[in-house]
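A short worksheet on the structure shown next.
The values are calculated or read from the model by the stated rules, or taken from the named source; none is laboratory data. Values in this document were obtained by computation on a predicted structure and should not be read as measured data. Glycine also receives a Cβ, built like all others from the backbone with ideal geometry; neighbour counts cover every protein chain displayed.
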Protein chains: 2
Amino acid sequence: MKTIGTAEKGRRPLYEEVAHRLSHMVDDGTFRPGEKVPSIRAMSTRLQVSVNTVKTAYGMLEDRRVIEARPQSGYYVCARLPALPTEPDARRPLLGAAAVESGAMVSRIMRDVNDPDRVQFGAAIPDPRLLPSEKLSRIMAAEMRRTKDHGTGYAMGMGLPKLRQQIARHMLKAGVTLAPDEILITSGASEAVSLAMKVLCRPGDTVAIGAPVYFNFLQMFRDMGLKVLEVPSSPVDGIHLDALERALSRNRVSACLQVTNFNNPLGVSLSEEKKRDLVALLKRYRVPLVEDDINGDIAFDGIRPGVCKAHDDNGMVILCSSFSKTLAPGYRIGWMAPGRFAERVQRLKMVSTLATATPTQLAVAEFLANGGYEHHLRRLRRTCADRVAAMGEMVGDTFPEGTRVTRPKGGFTLWVEMPETVDSMKLYTTLETQGITVAPGSLFSTGDSFHNYLRLNAAPFTPETRWALEAVGEAACGLV
Amino acid sequence: MKTIGTAEKGRRPLYEEVAHRLSHMVDDGTFRPGEKVPSIRAMSTRLQVSVNTVKTAYGMLEDRRVIEARPQSGYYVCARLPALPTEPDARRPLLGAAAVESGAMVSRIMRDVNDPDRVQFGAAIPDPRLLPSEKLSRIMAAEMRRTKDHGTGYAMGMGLPKLRQQIARHMLKAGVTLAPDEILITSGASEAVSLAMKVLCRPGDTVAIGAPVYFNFLQMFRDMGLKVLEVPSSPVDGIHLDALERALSRNRVSACLQVTNFNNPLGVSLSEEKKRDLVALLKRYRVPLVEDDINGDIAFDGIRPGVCKAHDDNGMVILCSSFSKTLAPGYRIGWMAPGRFAERVQRLKMVSTLATATPTQLAVAEFLANGGYEHHLRRLRRTCADRVAAMGEMVGDTFPEGTRVTRPKGGFTLWVEMPETVDSMKLYTTLETQGITVAPGSLFSTGDSFHNYLRLNAAPFTPETRWALEAVGEAACGLV
């Protein structure tokens, strides 16, 4: 066996040579997408280089998405993915603060999304088969038996104390220390974000948000009479802080709303450093941050990312989350840590929904305490990671030439950029007749930047639904 | 036995003479409050007058609140009640449209109301011991087992179809024909009313409402930046339509909000004729009506009163209700029939709470279908009627001289007018230290008209809590 040491020493750093070799073996089909590559130790022996050299090389190949680590299993060849979506130009002029137009399309999509006879790549809803539904319902029944009034009474004020304690404990993993009394239980993260926006903004005010924007937020802004300032976001590292700063310096902004982890739709997380910088920047401009962390628990590598709230030293960050993506969308259990706005948020909740349903609070609290939430998350993360990878690969195989797609490291949505000529609304209509729902890119902005984009929910993607994605790809090819 | 026929014929109509006799027997203690009086037939035999004459006499005595009919049981001597609260002068000048002041007191009361260690005469919450809690929780568990995803999925769109069907069927009793598709499930009646107001009003707009006003509505108006036009309401027949018309002719009013049956806090219902007139009046001024019917199912005489919505021929009435007063406040199951505003209401719900919790919808739907809701209501009505009567009587016995109290025919709240000098806020504070919560009258208006009033929740009033009401009376006497 020719070793690197003898043959090519000196020409380039050893770790690069190792990376090159393995990359070549992937290209020539020695190792095919999805197959395991030799372990670091085996490769070190085989190439007669140090373990550290191989480690560095494998790290480089991970960054380049040639191979990927799977926890407790080793390294695998990545799916052959198309390129990343086009990076937005952070220096291009911002769209002005814009009003949001008609929600007719969103209403239609929400109706389609509710139709059990459709294949649902549209809404970002978890696959019901991945949820611990039976266990949750058994826990709920047991908790109601144990409760004096069987859960028929109000859970007034901030919500069920036990649930708030469990959330506080769970969030320690995200590096944030919250007292149970700082947490308010809401009817899903939707209500949390909606309450936050209502407390922070008056009609006519302007909100800054990374674009593309989760479409339900745009509809919320519309119904509240708010203007939107869309700040370009990169599929690699999220919202452009320089663009945000420019926006803040030129506009009177009442709040900034941001999905900080596994962003919807981009799938990207802000690095911990960027989270700190974002908080500092907004603090400088005295703009409150509404942080949406609904996907934070679905990190594919199993490492719970942090939250901006951890860097908040003056109560200006309102952290919002829910168990809709990980446990039960239909339970409507969300929560928020409203910081300095707690009193106003609580009062606003009191005059709108008064309280959150008690039985579902009981069930989630007990599931967090003794139901094996972490164990469940491990399975959920693995499945989502597999489906996201497989779906991304298939998009590369079946979508028109030139299609680009994100590589999310958590959550379960893919953001797909198709060739300029493919109109995603037309695609939606074509697919509608075939019983397939996707989320057209046009919904994710007040402008026209994303007319050739799609958001796909990978959660329901299984071998059985491959035909449906194939149909999406074919329909897209027909529109080039 | 001397008969009326021989002794006093000709001096006054026979039925008046019968009424006079019985009234005298009540006064001299022959029949004491709460005791049964002879049946119509027995009295007819005894006084040798026709059955019809006795019927007429008993009817007069009912009107005068000397006796009362109890369904399937006969006639009883009424509790000795103090006078009715002062009738507001419908001709007095209206308060101008006013902004709502601080909600600090309401927040404090809502906190106290959540405290299980207090005797709760404050919030209008049903006594948990009167609710079919165990049955509901058993039904919920069974329904979740029967449902494919165990109730973890979203009940999107308008809400669970089965629940909407059951509500449509139930509301036929109130004389209104609603299609299930006209009904939207909400997180309690609170969310229903809040959605309605948000769709109808913009900040700065004016809302007309009968005064005294349920305090949470005032807080809602405050948080929405609305002005309130308080229209005087009579404890005998509800909102004064002539005053309302004057208000409408002089102000630009965006909506009228009214609790039409067993109004909170007055306990009064609009007659069917008045309901029709109210709808017609508002139609003439093109003002939508938000009708709150949360107490409609708790009519003491068992006859379900009608709703304004039944007279709505152009979709301008938004009917709101819930099962919080009759089944389970903590389930957060309300509903609304938004008429012509359906699409906007639905979209607003989508961007605030998205959907209502599925498990509690399943439970209420099945309880309505097969759980014996009517049977439950019969028991609930009877108990509420007894408690309201007993509490009203005790108010007469223990409160300061000159106190007046309503005679609600449904629901479970009493509206108490104390002498002018008794300040209800002071009373609240005094009682707070004794672990007793009441709702001070000042909360029910933007003005000062009700500073010497109280709303009492009669639902938790039992022989065991008599001491607490006695303490309220004593405290009030101390403040004269």
Self-check item: Single residue of segment B:331-376 satisfying the filter (within 22 Å of B:TYR154 (Cβ to Cβ) and touching a His at 6+ places or on another chain (Cβ under 9 Å)) that is farthest from the other protein chains (Cβ to nearest Cβ)
Solution: B:LEU368
Quiz prompt | Criterion violated by A:ASP149 - all others in (1) modelled with pLDDT of 95 or more; (2) farther than 30 Å from A:ALA98 by Cβ satisfied | solution = (1)
Quiz prompt | Scan of segment B:350-382 for residues that are surrounded by fewer than 24 Cβ atoms within 10 Å (Cβ to Cβ) and hydroxyl-bearing (Ser, Thr, Tyr), ordered by number | solution = B:TYR373
Quiz item: Is there a residue in segment A:158-169 that is in a helix (DSSP H, G or I) and over 23 Å from B:ARG332 (Cα atoms)?
Solution: yes
Quiz item: Among the residues of segment A:103-115, is there at least one that is within 11 Å of another protein chain (Cβ to nearest Cβ), assigned to a loop (DSSP other than H, G, I, E, B), at pLDDT 90 or above and out of contact with any Ser or Thr (no Cβ under 8 Å at 6 or more places or on another chain)?
Solution: no
Quiz prompt | Residue count, segment A:182-203 (criterion: more than 10 Å from chain B (Cβ to nearest Cβ) and either farther than 19 Å from A:VAL307 by Cα or in a loop (DSSP other than H, G, I, E, B) (or both)) | solution = 3
Exercise. Go through the residues of segment B:142-149 one by one and say whether even a single one is at negative phi, assigned to a helix (DSSP H, G or I) and surrounded by 20 or more Cβ atoms within 10 Å (Cβ to Cβ).
Key: yes
Quiz prompt | Qualifying positions in segment B:46-83 - modelled with pLDDT under 90 and in a helix (DSSP H, G or I) | solution = B:ARG46, B:LEU47, B:GLY59, B:MET60, B:LEU61, B:GLU62, B:ASP63
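Residue-by-condition table, conditions (1) free of Cβ contacts under 8 Å to residues at least 60 places away in the same chain; (2) surrounded by 24 or more Cβ atoms within 10 Å (Cβ to Cβ); (3) not hydrophobic (A, V, I, L, M, F, W, C):
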site	(1), (2), (3)
B:MET425	no, no, no
B:THR429	yes, no, yes
B:THR433	yes, no, yes
B:VAL438	no, yes, no
B:GLY441	no, yes, yes
B:LEU454	yes, yes, no
B:THR465	no, no, yes
B:ALA475	yes, no, no
Self-check item: Output for segment A:299-332, where each listed residue is more than 23 Å from B:ALA357 (Cα to Cα), among the β-branched types (Val, Ile, Thr) and either in a loop (DSSP other than H, G, I, E, B) or touching a residue at least 60 places away in the same chain (Cβ under 8 Å) (or both)
Solution: A:ILE303, A:VAL307, A:ILE318
Quiz item: Within segment A:155-164, can you find the residues that are facing chain B (nearest Cβ under 7 Å) and either buried (at least 22 other Cβ atoms within 10 Å of the Cβ) or in contact with a strand residue (DSSP E or B) (Cβ under 7 Å, 6 or more places away or on another chain) (or both)?
Solution: A:ALA155
Self-check item: Residue in segment B:204-227 that is surrounded by the most Cβ atoms within 10 Å (Cβ to Cβ), counting only those that are part of a loop (DSSP other than H, G, I, E, B) and over 20 Å from the mean Cα position of the chain (by Cα)
Solution: B:LEU226
Exercise. Could you list, in sequence order, all residues of segment B:216-228 that are in contact with a Leu (Cβ under 7 Å, 6 or more places away or on another chain) and either over 27 Å from A:GLY225 (Cβ atoms) or away from every other protein chain (no Cβ under 11 Å) (or both)?
Key: B:VAL228
Quiz item: Residues in segment B:276-287: is at least one out of contact with any Gly (no Cβ under 8 Å at 6 or more places or on another chain), touching a residue at least 40 places away in the same chain (Cβ under 8 Å) and assigned to a helix (DSSP H, G or I)?
Solution: yes
Quiz item: Condition test on B:ALA124, is it buried (at least 22 other Cβ atoms within 10 Å of the Cβ), in a loop (DSSP other than H, G, I, E, B) and in contact with a strand residue (DSSP E or B) (Cβ under 6 Å, 6 or more places away or on another chain)?
Solution: yes
Exercise. Please tell me if A:TRP467 is in a strand (DSSP E or B) and at pLDDT 90 or above.
Key: no
Practice problem: Could you list, in sequence order, all residues of segment A:269-295 that are hydrophobic (A, V, I, L, M, F, W, C) and in contact with a Leu (Cβ under 7 Å, 6 or more places away or on another chain)? | Solution: A:LEU270, A:LEU278, A:VAL279, A:LEU281, A:LEU282, A:VAL287, A:LEU289, A:VAL290
Quiz prompt | Test: residue in segment A:172-181 that is among the hydrophobic types (A, V, I, L, M, F, W, C), assigned by TED's automatic domain parsing to the domain that holds A:PHE262 and part of a helix (DSSP H, G or I) | solution = yes
Quiz item: Do we find that B:LEU172 is within 7 Å of chain A (Cβ to nearest Cβ), within 30 Å of B:PHE217 (Cβ to Cβ) and over 19 Å from the mean Cα position of the chain (by Cα) in this structure?
Solution: no
Quiz item: Which of (1) within 10 Å of chain A (Cβ to nearest Cβ); (2) over 26 Å from B:PHE323 (Cβ atoms); (3) among the acidic types (Asp, Glu) is the odd one out, the single condition B:ASP242 does not satisfy?
Solution: (1)
